[in-house]
1. Being of a type in the set (Ser, Thr, Tyr) and touching a Pro at 6+ places or on another chain (Cβ under 7 Å) is the filter here, so list the residues in segment 345-395 that pass it.
2. Which one of 75, 80, 46, 52 is assigned to a helix (DSSP H, G or I), farther than 30 Å from residue 317 by Cα, at pLDDT 80 or above and assigned by TED's automatic domain parsing to the domain that holds residue 204?
3. Go through 51, 69, 108 for me and flag whichever is buried (at least 23 other Cβ atoms within 10 Å of the Cβ), in contact (Cβ under 8 Å) with a residue 60 or more places away in the chain and either touching a strand residue (DSSP E or B) at 6+ places or on another chain (Cβ under 8 Å) or of a type outside the set (Asp, Glu) (or both).
4. Regarding segment 416-432, can at least one residue be identified that is aromatic (Phe, Trp, Tyr), under 30 Å from residue 177 (Cβ atoms) and buried (at least 24 other Cβ atoms within 10 Å of the Cβ)?
5. Looking only at segment 188-205, how many residues end up being hydrophobic (A, V, I, L, M, F, W, C), farther than 9 Å from residue 18 by Cα and in contact with a Phe, Trp or Tyr (Cβ under 7 Å, 6 or more places away or on another chain)?
6. Is one or more of the residues making up segment 131-143 surrounded by 24 or more Cβ atoms within 10 Å (Cβ to Cβ), touching a helix residue (DSSP H, G or I) at 6+ places or on another chain (Cβ under 9 Å) and among the aromatic types (Phe, Trp, Tyr)?
7. Out of 311, 385, which single residue is under 21 Å from residue 142 (Cα atoms) and either at pLDDT 90 or above or not acidic (Asp, Glu) (or both)?
8. Right, residue 410: touching a Lys or Arg at 6+ places or on another chain (Cβ under 8 Å), modelled with pLDDT of 85 or more and surrounded by fewer than 24 Cβ atoms within 10 Å (Cβ to Cβ) or not?
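The values are calculated or read from the model by the stated rules, or taken from the named source; none is laboratory data. Nothing here was measured: the structure is a model prediction, and the numbers come from that model. Methodologically, a virtual Cβ is constructed for each residue, glycine included, from the backbone with ideal geometry; neighbour enumeration extends over all protein chains shown.
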Amino acid sequence: MKQKELDQQMNLWAFGPAITVLAIFIGSGVFFQKELGAFLNSLLYGMADYFGWYINLLSLSCIFIVLAFVIYKYGDVKIGGEDAKPDFKTFNWLAMTISGSIGTGILFWAMGEPIFHYAMPPTGAGVEPFSRKAAIFAVSQAMWNWSFIQYSVYAMCAVAFALVTYNRKQCLSFGSLIECVFRRPIPWLTTAVHGLVICCLCGAVANSMGVGLLQVGAGIEKLFGIPQSKMIWLIIAVGIGVVFTISCVAGIGNGLKRLSTIKICIFSSVLVFVVVFGDTIFMSKLSTEAVGNMIDTWGTKTTTLNAMVPEDKWSADWIIQYWASFFVYAPVIGMFLSRLAKGRTVRQFVLVSVVVPSIFCMMWIGIFGSMTLSLQTKGVLNIWEAVNTYGMQTAIFQILSTMPLGSLLIAAFIVSTCISFCCLADPMAAVLSTLSVRRLQIDDEAPKKIKILMGIIITTVSYLLVASGGVNSIKGVFVLIGLPISFLMILCFFAAFKLCSECLTMENHGVVDDSDADCDCAPPTATVCTPECYQATRD
């Protein structure tokens, strides 16, 4: 067997325990649904009370960390070296950045979240429910929740992985970052980290797909009158699973690039349609005021807690859970985004990775959130009652049916949901495959059979969550798993600072040739020497 084939064998010490823990968790959800749901619900509020301050402050600090890389000289470092050329055209880069980091959540909550904030704002917001101020707060808070915080987190993790692979010529793994930070490989820690991430990410992606299954099922029921059932969910799950698995197997340059282009075209068409045929004046005014409110109070929107009002659970239900879920996704989305970074400076890469998807999300939520509140305030449709009666996944399609050509819009929305999840699941399955295999370089693709296995696992878990009625069960654990992942995220941030500092002091932005890496003072298992050793070799 060739050495490359040996290196690309399954890492069973990381993969096995992760899948076992996940199976036990899902089994608990199937057989002890009420007990597990009650436990996770109490866990969510307990963890939010004790650690919510830490999660909020860490989220706030991410904004300042990004600004440091944009303003300071760190941004001058070129990923891949002076002569590196981008692998993707600008449009494809932008499309994959938006598609790979935006899942089904924004489709589900762009209409749903503002109506919740409008009807049940936090005590700290100082606004009356169902008031004009509550409407402005609702749209602006939803805009902020889905924009700069999460993409700042993703971008900084991506910078660390891009530099350690393209510039320092190490493998695309957390082991490379650990070796970078601690100056030596720590195999047991690398295996433990990979296992933790595989377990957490499989559950997180399956949860996203589970919400998507409910949403698509509700759309099919609205459009064709076919009642939602376990069989319908199974058919939808198999269809989506086959598409994103084929795309993942095709590789980032083929499958995801095409899906991303299709997704952006559909999203843009739906957005333009709603702007043209919806209540344009109302949407424009409310969106504009919401942007201003977001700029005025972005700090408060990030750090709101329930000090002196312990009965208020808003922060736990919304921002703390959001920030924690972004922590869970951050390292692995960072691994994916790092593959788009070659040939760009750190400043260019960070700005695009943060600003472009953030603006897109703000526009999307501004339009759809304002449309929801327009229907509510003008008495066209009592959306708040519909949400409480039928659930958010059904209320969305009631909202869309009020538009001209409503059936066509619902069909486009269903397709958008399917493609949106595929664009998230594709890179996530690829990253999970990479974590499950030993020593892949950044330009390598994981073996196809492992990608197919990951696709099957994600599809199966998501269906079991929906079929057992346990889609919400995993949400309560986001804060719990977000805490340990947050330390891994901090490791990525530290590695990004460290690597940028070192690359600034080295020739060709720190890119190391194989001949430079084979020096005597490099650790036996390292693939690159230290900057001091590199400079000594040059001298």
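1. Passing the criteria: only 372.
2. Exactly one of 75, 80, 46, 52 is assigned to a helix (DSSP H, G or I), farther than 30 Å from residue 317 by Cα, at pLDDT 80 or above and assigned by TED's automatic domain parsing to the domain that holds residue 204, namely 75.
3. 69
4. Yes.
5. 2
6. So far as segment 131-143 goes, yes, one or more of its residues are surrounded by 24 or more Cβ atoms within 10 Å (Cβ to Cβ), touching a helix residue (DSSP H, G or I) at 6+ places or on another chain (Cβ under 9 Å) and among the aromatic types (Phe, Trp, Tyr).
7. Values: 311 fails: under 21 Å from residue 142 (Cα atoms).
That would be 385, the only listed residue that is under 21 Å from residue 142 (Cα atoms) and either at pLDDT 90 or above or not acidic (Asp, Glu) (or both).
8. Numbers: touching a Lys or Arg at 6+ places or on another chain (Cβ under 8 Å): yes; modelled with pLDDT of 85 or more: yes; surrounded by fewer than 24 Cβ atoms within 10 Å (Cβ to Cβ): yes.
Taking the combined requirement at face value, the residue satisfies it.
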